[in-house]
Amino acid sequence: MRINTTDMQNAFGKYLALVEKEDIVITKNGKSIAKLIRYNEPDYFLVHEEAKRYQPTKTVSYEEYMELIDSSDQRCELIDGEIYLLASPTFTHQVVVNELSWHFNNYFRGKLCRSLTAPLDIRLFGYATKFEEDPNVVQPDVIVICDENKVNEKNKYEGIPSLVVEVLSPSTKGKDLAAKLNLYMKSGILEYWVVNPENKSILQYSFSKERDIDNLISLQQGDAIKSTVFPGLEILLSDVFSEI
């Protein structure tokens, strides 16, 4: 999370509480000047496995991300200061998305909530209290929103989806199962489905109000996925993968 010195001075207690969840970078005049991190007692009696050395990557600001978006037709996501270029989806990917979308549209027809499919930017900010402190922009394959009042005057959605679905591709597995899982959990999303067309399975995550994993279910062919947020939303996996 990134905050400026004024916010830090005005709400120091709030950020002391938030540092339990993640590090906070303090900025002044747009430049990083300090970092607030959680203190851990030294664990001298533990043996640490040696970590591999990774080449550090430059953290990208939201302004730099928007410059890229404005100058290119390439679809991108911004997650924890890194830009992910979105490859064109495969035929199989789109078949599965369409099947899920059909079931979702039937269930939510006439209800207060609404299901939508990509491409649609979703602005998330993790544990932060506003987008500017921790800007993230993603384009999930399917979302369910119950706060349509969060569509702004520019016809952009700026709320928190209740349910998010990502359909895996070989190039997105790591991002969907790690970076996006963590982002969705800490942003207040209630339920996350990870759909794998390769082995025709679904991982169903449920998140608590404290923004931790409340439950994880692994579903295979022959099972039916039942939403933990929307009673009656139930889909057979054989239907999801029937056309692939």
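Under 23 Å of direct C-alpha separation, and excluding same-chain neighbours fewer than eight residues apart, Lys156 reaches these lysines: Lys111, Lys130, Lys180, Lys186.
Put simply, the amide H of Leu233, placed in the peptide plane, has neighbours under 5 Å in Ser227, leaving out anything fewer than 5 places away on its chain.
Directionally averaged projected area (the stretch 63-160, Cα convex hull): 7.4 nm². For the stretch 169-236, the share of alpha carbon pairs falling in successive 5 Å distance bins from zero is 4, 16, 26, 24, 19, 9, 1 percent. For the stretch 175-181, putting each phi into the Karplus relation 6.51 cos²θ - 1.76 cosθ + 1.60 with θ = phi - 60° gives couplings of 5, 5, 8, 10, 4, 6, 4 Hz, in residue order, rounded to whole numbers and with x for Gly and Pro.
Entry for the chain at q = 0.11, 0.13 Å⁻¹: log10 I(q)/I(0) = -0.67, -0.91, Debye formula applied to identical alpha-carbon scatterers, no solvent contribution.
Taking each pair of distinct Cα atoms in the stretch 127-222 once, what is the resulting Kirkwood hydrodynamic radius in Å? Don't skip to the end; give the middle numbers.
Values: mean 1/r = 0.0699 Å⁻¹.
For the stretch 127-222, the Kirkwood estimate is 14.3 Å.
Within straight-line reach of Lys14, meaning a Cα separation under 18 Å, sit the following aspartates and glutamates at least 8 residues removed in sequence or on another chain: Glu22, Asp23, Glu132, Glu133, Asp134, Glu210. Sorted largest first by accessible area at a 1.4 angstrom probe radius, with every protein chain in place, the residues Ser218, Ser72 fall in the order Ser218, Ser72.
Note on Ile69 and Lys21: with the Förster distance fixed at 25 Å, the Cβ-Cβ geometry gives a FRET efficiency of about 0.35.
Per residue, the chain exposes 60 Å² of accessible surface when a 1.4 Å probe is rolled over the protein heavy atoms with every protein chain present.
The values are calculated or read from the model by the stated rules, or taken from the named source; none is laboratory data. Nothing here was measured: the structure is a model prediction, and the numbers come from that model. In this analysis, Cβ positions are derived from the backbone assuming ideal geometry, glycine residues included, and neighbour counts consider all displayed protein chains. What goes into the accessible areas is simple: the full protein's heavy atoms, side chains included, and nothing from ligands, DNA or RNA. Shrake-Rupley method; radii C 1.70, N 1.55, O 1.52, S 1.80 Å.
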